[in-house]
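Below is one structure; the comments refer to it alone.
The values are calculated or read from the model by the stated rules, or taken from the named source; none is laboratory data. These numbers were taken from a predicted model, which means no experiment stands behind them. Cβ placement follows ideal geometry from the backbone for every residue including glycine, while neighbour counts extend to all protein chains displayed. In case anyone asks, the SASA skips ligands and DNA or RNA and just uses the protein heavy atoms, side chains included. Shrake-Rupley method; radii C 1.70, N 1.55, O 1.52, S 1.80 Å.
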Amino acid sequence: MTRTAPLRRAALAAGACTALTAALLGAASGAQGAPAPAAAPDISVANVKAHLGELQSIADANGGNRAHGEAGYKASIDYLKAKLDAAGFTTAVQEFDYNGATGYNLVADWPGGSADDVVMSGAHLDSVGDGPGINDNGSGSAGILEVALAVAKADLKPTKHLRFGWWGAEEFGMIGSQHYVDKLSTGDRSKIGGYLNFDMIGSPNPGYFVYDDDPAIEKTFKDWYAAKDIKTEIETEGDGRSDHASFKNAGIPVGGLFSGADYKKTQEQADKWGGKAGEAFDPCYHASCDTTANIDDKALDTNSDAIADAVWQLSS
């Protein structure tokens, strides 16, 4: 997650918002008697952690980071692309230039589903220069990678088209995701019915925060956590500081999850979620200690499962 970024609010007309909400969840009229969406699989936290281990090894072999313009970032792209290609996704690497260096986005499309109705999930893949970026944002990147691989393993046949994206140079101000959105035609932008963002989902002193930008997406996540008896809060710390801002500013409905960065957990939050009050959700935020040791397995597991459920539900 980038530390600071300008926030520009995109105004959506009430009618458009209502239509998009209906499109994501399915119109109530005529829905009675329709088969329920298939249940999402349990996402193996061991598999997600294995991806994090690979990202750590990549950083270790490339100067201790996976930052924009550094060899560790391109190696991270290559690792994910190989996994997705082998699973049957159609992948594309999009290049852009920033600050005198070439940046890369990776976009993966699952075959099938309506090309006019896209559900997209994304995460930034780059770290800061000071560390390997395993929670920020290896966690979100690895989480959606494993969800994408679960889609392939299930040979999911969604009604809507599924797309996944990993963004470069987020730590410089959402550069990669903004480049992606800017390159979309007006028509292609209108086909994205929802963008789900996952930036830090395994913080070591975690909270459970849900974006409140789009009502349909927010409800999908909150209902899942409520069914697990996990209390959530509205996400405010990262508002405008991650890649969902690029999509939101273009009028695309957005949502997502977050486990906390450098804000301190209150006593009330500690009573609700456990952990340590008065300490940051991630004491290693943007630091060299953001390694594989800087992950809460339960939060990583829970949030990865929540991502899978949203992907299954919203694409049905």
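One table, with the values for the structure above:
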{"quantity": "In Hz, Karplus ³J(HN,Hα) per residue of segment 304-316 (6.51, -1.76, 1.60; θ = phi - 60°; x = Gly, Pro)", "calculated": "5, 5, 5, 4, 4, 4, 5, 4, 5, 5, 6, 9, 7"}
{"quantity": "Gaussian network model of the chain, Cα within-10 Å springs - most flexible of His51, His244, His124", "calculated": "His51"}
{"quantity": "Percent of beta bridges antiparallel (DSSP, the chain, rounded to nearest 5)", "calculated": "45 percent"}
{"quantity": "24 Å Cα-Cα reach of Lys298 towards lysines, excluding residues that sit fewer than 8 places from it in its own chain", "calculated": "Lys49, Lys153, Lys219, Lys222, Lys228, Lys231, Lys264, Lys265, Lys272, Lys276"}
{"quantity": "Whole-Hz couplings from phi, Karplus 6.51/-1.76/1.60, listed for segment 106-118; x for Gly and Pro", "calculated": "10, 10, 10, 10, 8, x, x, x, 5, 5, 8, 9, 9"}
{"quantity": "Taking segment 100-210 and dividing mean pair separation by its residue count, relative contact order in percent (alpha carbons under 8 Å, at least six apart)", "calculated": "44 percent"}
{"quantity": "DSSP loop trypsin sites (Lys or Arg not before Pro) with at most 16 other Cβ within 10 Å excluded, longest remaining stretch of the chain", "calculated": "10-227"}
{"quantity": "For segment 156-278: accessible area per residue (Å², 1.4 Å)", "calculated": "36 Å²"}
{"quantity": "Dipole of the chain, positive end: most advanced residue of Ala169, Gly53, Val151 [Cβ charges, Cα centre]", "calculated": "Val151"}
{"quantity": "Cα-centred dipole magnitude for the chain, charges only on beta-carbon of K, R (+1) and D, E (-1), debye, nearest 20", "calculated": "580 debye"}
{"quantity": "Protein accessible area in segment 157-298, 1.4 Å probe - carbon and sulfur %", "calculated": "48 percent"}
{"quantity": "Ser190 versus Ala36: modelled label distance in nm, points set 7 Å from Cα along the beta carbon direction", "calculated": "3.6 nm"}
{"quantity": "Amide H partners (placed H, <5 Å) of Ser203, local residues excluded", "calculated": "Ser259, Asp296"}
{"quantity": "Most mobile of Gly256, Gly112, Gly240 in a GNM of the chain (Cα contacts under 10 Å)", "calculated": "Gly112"}
{"quantity": "Matching label, volume of the Cα convex hull per residue in Å³ computed from the structure shown, candidates (1) 182; (2) 121; (3) 132", "calculated": "(2)"}
